[in-house]
Amino acid sequence: MLKGRLLLFLFLCMFLSACRGGQKEEEKASIRIGISLYRGEDTFINNICGILEEKAKEYERESGIKVVLDIQDAKGSQNVQNNQVERFISLGCDVLCINPVDRMDASVIIDRAMTAGVPVVFFNRQPVEEDMNRWDELYYIGVDAKETAVLQGKMVVDLYREDAGAVDLNGDGVVSYVLLEGETSHQDSLIRTEWSVRTLKNGGVPIEKLTGGIANWERSQASALMEQWLAAYPDTIELVVSNNDDMALGAIDAMERAGVTGVNVIGIDGTTPGLEALESGKLLGTVSANKELYASVILELAASCALGEEPPEEYPLEGGTYYWTPQEILIRENKD
Ligand code: BGC
């Protein structure tokens with residue numbers, strides 16, 4: 001009996017090691033990743049994509065596996081993106097990295113990927129949970145929107161506590177602010193708006209909202225809104241709270257045109273132009289996600305999917321699906 005079990009065990013061990021050997025022989029020399037961006041012109045997405053390309057080269061050098069990136073711009077159209085996915089699959093992509101145009105409508109992409117057995121790494125625009133739960137080969141990489149907003153609020157709370165006059169510019173006991181919001185359908189806009197304002201209030205900053213508006217993450221739209229607000233509330237705006245850096249820069253553009261100085265502007269992202277504005281003192285602060293890490297996780301997770309391996313252990317996935325990129329406050333050293 002015991003002998004029989006021992007033999008069975010030995011046989012199983014031999015079988016498993018033969019399977020592993022077989023897999024090794026089949027190891028891929030190259031992987032093909034299909035990437036579709038909701039809008040290639042978006043500054044934040046553009047930044048992430050640039051780093052992603054560098055990470056792919058790094059990965060190639062380190063692993064000896066050739067990485068072919070097929071990057072496409074959906075230019076704001078879900079239809080175009082669905083066709084891109086179709087093409088990626090027909091070209092034999094091993095994995096897809098999708099920045100969905102309409103995060104509520106990722107089901108067509110998921111259907112296609114599931115039928116073809118091609119894993120999908122979504123990023124930045126989070127599909128709804130119901131869609132994400134449909135298959136265990138779906139992943140999402142982004143930043144925790146509430147955490148971002150709390151950090152954005154905190155930078156002003158800390159400044160106010162240290163030097164109230166640096167925030168309440170006219171010293172009337174009220175900080176009059178305007179608010180620039182991203183796309184209404186984007187999970188980040190709603191959560192950022194709610195939690196930035198809450199953090200300011202809870203932190204004891206006596207804020208009063210003058211007005212706000214949706215500028216869809218875009219610099220030019222934000223600039224147009226700010227131009228109107230400067231005319232409607234002359235010499236009154238003390239703080240511009242923006243859901244991202246690009247819209248913050250739009251507000252700064254409008255103030256420069258109108259010759260207005262001294263207003264505090266806070267953004268989110270730490271994009272290249274955002275950091276330049278911080279450096280030159282035009283932006284008070286921003287909340288920056290670790291973009292190197294963000295792009296590394298997308299690339300390495302995608303590569304592991306393409307190779308049929310387990311997700312990389314060094315990047316823990318919440319529920320086996322979600323990766324939340326760490327972020328930090330960047331604030332200009334000296335207001336003057
Ligand atoms: C970023 C924005 C960007 C948007 C695109 C947000 O998380 O903060 O700058 O425009 O994602 O989806």
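Summary table
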| quantity | calculated |
| --- | --- |
| Verdict on L190 being in contact with a Ser or Thr (Cβ under 9 Å, 6 or more places away or on another chain), within 13 Å of the ligand (Cβ to nearest atom) and at pLDDT below 95 | yes |
| Members of the stretch 223-246 that are touching an Asp or Glu at 6+ places or on another chain (Cβ under 8 Å) and within 11 Å of the ligand (Cβ to nearest atom) | N243, N244, D245, D246 |
| Flag for W195 being away from the ligand (no atom under 13 Å from the Cβ) and either within 24 Å of N46 (Cα to Cα) or surrounded by fewer than 21 Cβ atoms within 10 Å (Cβ to Cβ) (or both) | yes |
| Hits in the stretch 277-329 - residues which are open to solvent by 30 Å² or more (accessible area, probe 1.4 Å), touching a helix residue (DSSP H, G or I) at 6+ places or on another chain (Cβ under 6 Å) and of a type in the set (A, V, I, L, M) | I329 |
| Residue within the stretch 72-89 that is touching a helix residue (DSSP H, G or I) at 6+ places or on another chain (Cβ under 9 Å), part of a helix (DSSP H, G or I) and open to solvent by 60 Å² or more (accessible area, probe 1.4 Å) present | yes |
| Residue in the stretch 95-114 that is over 16 Å from the mean Cα position of the chain (by Cα), outside any helix (DSSP H, G or I) and more than 21 Å from S185 (Cα to Cα) present | yes |
| Subset of the stretch 259-276 that is farther than 23 Å from G171 by Cα and either open to solvent by 40 Å² or more (accessible area, probe 1.4 Å) or without any contact (Cβ under 8 Å) to a residue 24 or more places away in the chain (or both) - its residue that is farthest from the ligand (Cβ to nearest atom) | E276 |
| Single residue of the stretch 54-69 satisfying the filter (assigned to a helix (DSSP H, G or I) and among the basic types (K, R)) that is most open to solvent (accessible area, probe 1.4 Å) | R61 |
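The values are calculated or read from the model by the stated rules, or taken from the named source; none is laboratory data. Being a predicted model, the structure only gives us computed values, none of them experimental. Reconstructed Cβ throughout: ideal geometry from the backbone, glycine too, with neighbour counts over all protein chains shown. We work out accessible area using only protein heavy atoms, side chains counted, and drop any ligands, DNA or RNA first. Shrake-Rupley method; radii C 1.70, N 1.55, O 1.52, S 1.80 Å.
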